[in-house]
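Quick notes on the structure that follows.
The values are calculated or read from the model by the stated rules, or taken from the named source; none is laboratory data. Only a predicted model underlies this, so the values are computations on that prediction, with no experimental measurement involved. No Cβ is skipped: glycine too gets one built from the backbone with ideal geometry, and neighbour counts run over all protein chains shown. Please note that ligands, DNA and RNA were not included when accessible areas were found on the heavy atoms of the full protein model with its side chains. Shrake-Rupley method; radii C 1.70, N 1.55, O 1.52, S 1.80 Å.
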Amino acid sequence: MYIANTRRLAACVALVIGFVQAASAADILIADAKSQPESLTVAPGGVLIVGSASTPFVYKVRPGSSTAEKFIDASAEGPGTFFFGMLADASSNTLWTCQLTPVPDTAPVRRHTALRGFDLSTGAPKIRWDLPGDNTTCNDFAIGPDKALYITDTATGRIYRLPTGASVAELYLEHRTLMGVDGITFLNGTLYVNNVIFNKLYRIPVDPSGKPEQPVDIWMDQPIKGPDGMRAANGKLIVAENGSGKISAITVNGDKASVTVLKEGLKTPTGVEPVGDTIWIAERGAGKAVSIPMPK
């Protein structure tokens with residue numbers, strides 16, 4: 001099944017990648033209803049990197065290329081291995097990924113997950129850190145003002161922090177309101193996370209010593225459903241709503257926020273990546289990576 005999906009994904013990319021350099025913001029880059037791209041990121045030079053939630057592969061698509069390259073192959077990690085979060089860290093030449101592998105013969109299914117760091121240029125493995133616990137969900141991450149990597153674990157309600165240059169992460173915050181934590185990003189130096197289960201947005205305040213305090217619930221002027229991947233751009237939070245098929249921009253003002261829908265009618269959008277005047281979207285339910293113009 002994985003081989004078939006891989007061929008299908010590569011074939012679809014090959015059909016359209018030749019048009020990428022001249023493409024408008026509405027053009028589809030990858031189209032395959034079974035590829036399930038869950039997250040994506042853009043590396044220096046405009047290289048698009050897309051992970052699959054249905055195969056153990058991460059793909060690289062170079063600007064002007066006519067083929068999709070299999071960049072990361074985790075098939076040796078065990079049956080059912082797949083990927084969630086993707087983040088290109090140009091400063092350390094690292095591709096950060098969340099790798100998930102089901103635990104055999106468990107019902108309901110449990111997963112062991114790992115933070116993986118690969119060389120952004122070659123795909124060579126650099127760092128592996130297994131999240132502690134019998135059932136974890138490494139989901140997404142963000143680089144903070146301190147250059148550390150902040151990691152969400154959806155299944156345990158935890159946020160971890162990997163200091164720059166370190167190979168082992170430390171527990172940054174664990175709180176009952178974070179059960180279901182998913183998207184994470186910094187906006188104007190402040191950490192924000194969302195909750196994909198309870199449709200919430202939180203600000204994480206810190207005390208004078210830099211220690212995180214209890215998450216603050218941000219009141220929004222309209223509901224969001226299934227907030228997933230989240231990034232900051234142009235002073236706003238850009239969020240993929242997997243439960244409503246929308247991409248929304250959230251303008252935060254203190255402990256309140258206004259929500260503006262940028263795109264709707266998508267099939268399970270799970271990831272966003274703002275780059276310049278474009279927002280890339282992982283449309284998992286349709287097997288597509290698409291883009292829309294960045295709002296002014």
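Structure summary
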{"quantity": "Members of segment 146-190 that are touching a Pro at 6+ places or on another chain (Cβ under 8 Å), among the small types (Gly, Ala, Ser), surrounded by 19 or more Cβ atoms within 10 Å (Cβ to Cβ) and in contact (Cβ under 8 Å) with a residue 40 or more places away in the chain", "calculated": "Gly183"}
{"quantity": "Matching residues in segment 100-141 - criterion: being of a type in the set (D, E, K, R), surrounded by 14 or more Cβ atoms within 10 Å (Cβ to Cβ), farther than 13 Å from Thr152 by Cα and in contact with a Gly (Cβ under 8 Å, 6 or more places away or on another chain)", "calculated": "Lys126"}
{"quantity": "Any chance Glu38 is under 15 Å from the mean Cα position of the chain (by Cα), modelled with pLDDT under 95, under 24 Å from Lys288 (Cβ atoms) and not aliphatic (A, V, I, L, M)", "calculated": "yes"}
{"quantity": "Residue ID - nearest to Lys236 (Cα to Cα), chosen from residues in segment 268-284 that are touching a Pro at 6+ places or on another chain (Cβ under 8 Å) and outside any strand (DSSP E or B)", "calculated": "Asp277"}
{"quantity": "Which numbered condition Ser167 misses (of (1) within 20 Å of Leu40 (Cα to Cα); (2) out of contact with any Gly (no Cβ under 8 Å at 6 or more places or on another chain))", "calculated": "(1)"}
{"quantity": "Options Ala240, Ala249, Ala232, Ala282; residue that is within 17 Å of the chain's Cα centre (by Cα), open to solvent by 20 Å² or more (accessible area, probe 1.4 Å) and under 23 Å from Gly85 (Cβ atoms)", "calculated": "Ala232"}
{"quantity": "Those residues of segment 148-179 which are more than 18 Å from the chain's Cα centre (by Cα) and either among the acidic types (Asp, Glu) or assigned to a loop (DSSP other than H, G, I, E, B) (or both), in sequence order", "calculated": "Pro163, Thr164, Gly165, Ala166, Ser167, Val168, Ala169, Glu170, Glu174, His175"}
{"quantity": "Candidate set: segment 192-216, residues that are β-branched (Val, Ile, Thr), part of a strand (DSSP E or B) and touching a residue at least 24 places away in the same chain (Cβ under 8 Å); chosen: the one surrounded by the fewest Cβ atoms within 10 Å (Cβ to Cβ)", "calculated": "Val216"}
{"quantity": "Selection within segment 252-267 - open to solvent by 30 Å² or more (accessible area, probe 1.4 Å) and either in contact with an Asp or Glu (Cβ under 7 Å, 6 or more places away or on another chain) or part of a strand (DSSP E or B) (or both)", "calculated": "Val252, Asn253, Lys256, Ser258, Thr260, Val261, Leu262, Lys263, Lys267"}
{"quantity": "Lys246, sole failed condition from (1) closer than 25 Å to Val275 by Cα; (2) touching a residue at least 24 places away in the same chain (Cβ under 8 Å)", "calculated": "(2)"}
{"quantity": "Positions within segment 272-296 being more than 20 Å from Ala90 (Cα to Cα) and among the hydroxyl-bearing types (Ser, Thr, Tyr), in sequence order", "calculated": "Ser291"}
